[in-house]
Amino acid sequence: MNLAGERAVVVAFVLNGLLAGGNAVGIRFSNRELDPLWGAGLRFSLAAALLLALMAALRLEMPRGRALAGAVAFGSLNFGAAFGFGYYAFVELHAGFGQILLSLVPLLTLLLAVAWRQERLSMAALAGTLLALAGVALMSRAPLRESVSLLSLLAVLGGALCFAQAAVLVRRLPPIHPVTMNAVGMAAGAALLVAGSALAGESHALPRGAETWAAISYLVVVGSIAVFLLYLFVLRHWAASRAAYVFVVIPFVTVLLSAWLDDEPVGWGLVMGGLLVLAGVYVGALRRARDATLATADAPGPSRA
């Protein structure tokens, strides 16, 4: 790749982190008027409609059989369960605090891959897990003293676990075009969220406030479509392990935006605990993936004799 191409990828990576950093803040604003499951269901219903239209424009075929079942299962976990937990958690938790916990996804993905015997447990993964747990414990002290529900804390961790399990599941599925995977997945997740909202007795009124519409528009067009397309562009030119560093960039953006737009208190507990979590993710998952990628790149190619 030439210098101009590498700069374009770096710009896309940075822009992806900046835009994704606003998602948790947008959810907080959406939750102020809409019930959480309904707000999530509305978001992904609109996003799925846009992606299905993109599928039609690109003339992509709808998956069938095992591929379709896999896309539905992926969407149920990645968009239905994970965001159901996340939207519920962000009713009480501030966006920055919650986003730092969600940065555990790469580390949880690695641990679940070990549980599913897709990978082996390493000392780096164990050390990273202990660092991250120490960070979560440190971060949790201040919010729990302010009577934040323990259920909210568990919900955001449950969401991170669902994101991680969805990533492990994808490795077992037949290959599907990313636009198709997300279109079908978001549609399945939206159906699950709306059904859950109905069972919970939530109100299904459309937003009335301009602030709520602005938040949903951001979450649909930017947070669910633009961020996805930017990430695809980065993945086309960088290894997945390198692109995964966006999980470390996003929390810093979210904390700054949340402190500015949502008056989130940024104390030493959040800062030091957050740094421990991010350090654990780096040591346990990202650094390991980077080293594996470099080793593969440095290895001699197959003989052509």
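The packing ranking of peptides 254-266, 53-65, highest mean first, is 254-266, 53-65, where packing means the average number of other beta carbon atoms within 10 angstrom of each residue.
Once both labels are positioned 7 Å from their Cα atoms along Cα-to-Cβ, the gap between residue 3 and residue 64 label points is 5.2 nm. Using a Förster radius of 45 Å, what is the FRET efficiency between residue 120 and residue 266 based on their Cβ-Cβ separation? Nearest 0.05, please. With a Förster radius of 45 Å, E is 0.75. Please give the length that would be gained between residue 32 and residue 256 if that part of the chain were fully extended, namely 0.36 nm times their separation in residues minus their C-alpha to C-alpha distance (nm, one decimal). Gain on extension, residue 32 to residue 256, equals 78.6 nm. For the chain, the membrane-span-like helices by this rule, meaning whole DSSP H stretches whose C-alpha atoms cover at least 20 Å of axis and whose Kyte-Doolittle mean is 1.0 or above, are 3-20, 36-58, 123-145, 150-170, 178-199, 246-261; this says nothing about an actual membrane. Eigen-decomposition of the gyration tensor built on the alpha-carbon atoms of the chain gives equivalent ellipsoid semi-axes of 29, 26, 19 angstrom, largest listed first.
Readers should treat all values here as calculations from the given coordinates under stated rules, not as data from a laboratory. If you're wondering where the values come from, they're calculated on a predicted model, not measured in any experiment. Using ideal geometry, Cβ is built from the backbone for each residue, glycine included, and neighbour counts are taken over all protein chains shown.
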